[in-house]
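Asks: A single structure is presented below for examination.
The values are calculated or read from the model by the stated rules, or taken from the named source; none is laboratory data. Just so you know, these numbers come straight off a predicted model, no measurement behind them. Counting neighbours? That spans all protein chains shown, and the Cβs are built from the backbone with ideal geometry, glycine included.
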Amino acid sequence: MKTMKTIAVRALLVCSGAFFHSVSAWAAIPIQHWTQPSGAQVWLVESPAIPMLDVQLDFDAGSRRDPPAQAGLASATALLAGKGVAARGEQPALDENQLGEAWADLGASFGASAGADRMSFALRTLTDAELLRQAVQLAARELGEPAWPEPVWQRERARLSAAIQEARTRPATQAALAFQQAVYGRHPYGQDSTPETLARIQVADLQAFYRQHVQPCRARVSLVGAVDRAQADALVRELLGRLPSAGACAPLPPVAEVAPLQAAREIRIPFQSAQAHVLIGQPGYKRSDPDFFALLVGNHILGGGGFTSRLMREVREQRGLSYSVYSDFAPGLHAGAFSIGLQTRPDQADAAVAVVRQVLADFVAQGPSADELKAAQDNLIGGFALRLDGNRKLLANVANIAWNGLPLDYLEHWSARVAAVTLADIRAALQRKLQPERMVTVVVGAPEAGQRNGNDR
């Protein structure tokens, strides 16, 4: 009689042999979408070449839903939800160690995490019929019947608090915290958990947050793997079937938008460090913004394209002020931050800031050159296949479509959308979104002599 571990090993060998075939086939596989009677929405890519299934369940339960006094609530809820399951009927309770052993025996995995916008649950399993049945059943128990063990929360809260305190001894952490608070202000994107906010979170708070936000009617479920639509539909029903159903979902409270900056602000934080840490930026744009592709290409040219970017050329190659410098947009359900970041010698911090500001101002005013545009488009389009070269990467793209309400043919037309971006598109989008004269500048670790009058600290 075959054991579960034997089945898992044999199936994994099949997976490894079929991997490269599956990659080439993905481009021709359409994304299917439907809504279940519970209100759960499902997106599916059938990938039958390998006997594996990846599933992601997303809920509007990220840190933007944290009460300010309990910052960290969403992440703590996701953490503790995976620390055991309660007994139900003839099924015994499983503590965190027993749960881990059960997943190891199946050769599968299931876990939860929370970001700024959403709480996500990820299942990976082989599709051997018995393995799949047991993995889905166990995931449904973990999703629908978490144990919420009080002693485990006490332990994890102490561990998280210690980790926060240790992280704040590092200059990079100090820079990131000051930057996000200055960019986002009172918006939840600017909140960060502290030992004090974690101390206000009790197990009852975790349970209440979970009940309100993790409901079948709020689920967006993405699947990639060797299952057809009927199997996927039944699987999702079972995964969500142990969650309490509230019938029609009551709307969640609205979250205010990120307020634009009204004036430039410079924050200097003394810190004994071999390198000064610099962050410059402002609120950027929402993922739903029609300028998305123009800003994607434009940012690649400015500082998102690694060693070929304009910032790298001007800051590193021309002046030797930093080994690396980057720019980034982080769009979400709200305007995520635009940021430029670098590290430099403390005595060079002022010079580096001046160069970055000038490069940015020129880029926003003039846009890129024709040669820069072509190089960026070629690089982005040429690297697109790497976004899909594994089930997990494909799943991430499908979940992006699901979460942001993108068209089902989004991936099919991605390269064409990038190729269609013009110089005028980039320049106009940059000027709509970026105001170099009103940005936040954070410098951690520059010498006291480099501070200017009127700085925040």
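Asks: Please tell me if ARG313 is touching a residue at least 24 places away in the same chain (Cβ under 8 Å), of a type in the set (D, E, K, R) and either assigned to a loop (DSSP other than H, G, I, E, B) or under 16 Å from ASN379 (Cβ atoms) (or both).
Replies: Here the answer is no, as ARG313 does not meet what is asked.
Asks: Something else now. So in the range 325-376, with the set limited to residues that are part of a strand (DSSP E or B) and of a type in the set (A, V, I, L, M, F, W, C), which one is surrounded by the most Cβ atoms within 10 Å (Cβ to Cβ)?
Replies: Checked the range 325-376; the qualifying residue surrounded by the most Cβ atoms within 10 Å (Cβ to Cβ) is LEU342.
Asks: Have a look at TYR184, TYR210 and point out the one that is touching a helix residue (DSSP H, G or I) at 6+ places or on another chain (Cβ under 6 Å), in contact (Cβ under 8 Å) with a residue 40 or more places away in the chain and within 18 Å of ALA114 (Cα to Cα).
Replies: Only one candidate passes the filter, namely TYR210.
Asks: I'd like the full set of residues that are outside any strand (DSSP E or B) and among the basic types (Lys, Arg), limited to the range 235-289.
Replies: ARG237, ARG242, LYS286, ARG287
Asks: Of everything in the range 124-143 that's outside any helix (DSSP H, G or I) and in contact with a strand residue (DSSP E or B) (Cβ under 8 Å, 6 or more places away or on another chain), which residue is surrounded by the fewest Cβ atoms within 10 Å (Cβ to Cβ)?
Replies: Among residues in the range 124-143 that are outside any helix (DSSP H, G or I) and in contact with a strand residue (DSSP E or B) (Cβ under 8 Å, 6 or more places away or on another chain), the one surrounded by the fewest Cβ atoms within 10 Å (Cβ to Cβ) is THR127.
Asks: Considering each residue of the range 48-62, count those that are in contact with an Asp or Glu (Cβ under 8 Å, 6 or more places away or on another chain) and either outside any loop (DSSP other than H, G, I, E, B) or β-branched (Val, Ile, Thr) (or both), and give that number.
Replies: Matching residues across the range 48-62 total 0.
Asks: Further question: In the list ALA40, ALA49, which residue meets the criterion of being small (Gly, Ala, Ser) and over 27 Å from PHE384 (Cβ atoms)?
Replies: ALA40
Asks: Which of (1) modelled with pLDDT under 95; (2) closer than 30 Å to ARG432 by Cβ is the odd one out, the single condition SER273 does not satisfy?
Replies: In the conditions (1) modelled with pLDDT under 95; (2) closer than 30 Å to ARG432 by Cβ, SER273 misses (2) alone.
Asks: Could we say that ILE301 is within 21 Å of ARG432 (Cβ to Cβ), among the β-branched types (Val, Ile, Thr), assigned to a helix (DSSP H, G or I) and in contact (Cβ under 8 Å) with a residue 60 or more places away in the chain here?
Replies: Spelling it out, ILE301 is indeed within 21 Å of ARG432 (Cβ to Cβ), among the β-branched types (Val, Ile, Thr), assigned to a helix (DSSP H, G or I) and in contact (Cβ under 8 Å) with a residue 60 or more places away in the chain.
Here's the yes/no breakdown for (1) free of Cβ contacts under 8 Å to residues at least 40 places away in the same chain; (2) within 29 Å of the chain's Cα centre (by Cα); (3) within 21 Å of ALA264 (Cα to Cα); (4) not assigned by TED's automatic domain parsing to the domain that holds GLY281:
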{"site": "ASP389", "(1), (2), (3), (4)": "no, yes, no, no"}
{"site": "VAL398", "(1), (2), (3), (4)": "no, yes, no, no"}
{"site": "LEU406", "(1), (2), (3), (4)": "yes, yes, no, no"}
{"site": "SER415", "(1), (2), (3), (4)": "yes, yes, no, no"}
{"site": "VAL421", "(1), (2), (3), (4)": "no, yes, no, no"}
{"site": "PRO436", "(1), (2), (3), (4)": "no, yes, yes, no"}
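Asks: Still on this structure, I have one more. Restricting attention to the range 184-223, report how many residues are part of a loop (DSSP other than H, G, I, E, B) and either within 30 Å of GLY390 (Cβ to Cβ) or in the same structural domain as SER339 (by TED's automatic domain parsing) (or both).
Replies: Residues meeting the conditions: 2.
Asks: Moving to a separate point now. Any residue at all in the range 385-394 that's surrounded by 14 or more Cβ atoms within 10 Å (Cβ to Cβ) and in contact with a Ser or Thr (Cβ under 7 Å, 6 or more places away or on another chain)?
Replies: Yes, because at least one residue in the range 385-394 is surrounded by 14 or more Cβ atoms within 10 Å (Cβ to Cβ) and in contact with a Ser or Thr (Cβ under 7 Å, 6 or more places away or on another chain).
Asks: To continue, here is another question. Name the single residue, out of those in the range 144-155 being in a helix (DSSP H, G or I) and out of contact with any Leu (no Cβ under 6 Å at 6 or more places or on another chain), that is nearest to LEU106 (Cα to Cα).
Replies: VAL152
Asks: Is it true that some residue in the range 129-147 is within 14 Å of GLY225 (Cα to Cα) and in contact with a Gly (Cβ under 8 Å, 6 or more places away or on another chain)?
Replies: no
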